[in-house]
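Everything on this sheet refers to the single structure shown next.
What follows draws every value from the coordinates through simple rules; no lab data is involved. If you're wondering where the values come from, they're calculated on a predicted model, not measured in any experiment. Positions of Cβ are backbone-derived with ideal geometry, glycine not excepted, and every protein chain shown enters the neighbour counts.
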């Protein structure tokens, strides 16, 4: 079978173009997924640092409330600057309430003091920061501890 002179078929070139477009789309998807994975990993690391900073804040607050300068622990607050170590600031608030827990002896009330510590760690200049909460890269972790004395 002889082809007439001057007739050509272009099926091979169309197939090559379709394959190239599909490979380019696949490469773009891989790059996008890789970038998203890096951002997600960075957020996970910041979240872990904020969680540890909040834990350090509650431990520091417990020491201040039980043995340190916060003997009354009446709505006291202090901000810890841990940016050099973790990149976080921690705001620790302390409050306490006194309850009667029956009687220690007839006619003598047994009192119990409940201390509540609330530590908020974030990577902003103030914690918590509602204005920064909608920006990418902002992380905040809260930890609350109660102890009786």
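The table that follows gives values for the structure above.
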| item | result |
| --- | --- |
| Rounded, prolate or oblate (a/c below 1.5 giving rounded, otherwise prolate when a/b exceeds b/c) for the stretch 70-149 by Cα gyration tensor | prolate |
| Centroid-to-centroid separation of the stretch 103-146 and the stretch 69-86 [C-alpha atoms, Å] | 11 Å |
| Cβ-based exposure ranking for 115, 30, in which fewest neighbours within 10 Å come first | 30, 115 |
| Compactness of the chain as Cα Rg over 2.2 N^0.38 Å, two decimals | 2.10 |
| Two-site FRET efficiency, residue 67 against residue 133, from Cβ-Cβ distance with R₀ of 35 Å, rounded to 0.05 | 0.50 |
| Debye log10 I(q)/I(0) at q = 0.11, 0.13 Å⁻¹ for the stretch 20-96, Cα point scatterers | -0.47, -0.55 |
| Label-point separation in nm, residue 126 to residue 84, each point 7 Å along Cα→Cβ | 2.5 nm |
| Sum of -39500 (n - 2.57) over DSSP H runs of 4+, divided by residues of the chain (222 nm, nearest 500) | -14000 deg cm²/dmol |
| Per-peptide average of other Cβ atoms within 10 Å, ordering 106-114, 79-87 highest first | 79-87, 106-114 |
| Relative contact order for the chain, counting Cα pairs under 8 Å that sit 6 or more residues apart, in percent | 21 percent |
| Residues residue 39 and residue 95, FRET efficiency given R0 of 41 Å [Cβ-Cβ distance, rounded to 0.05] | 0.65 |
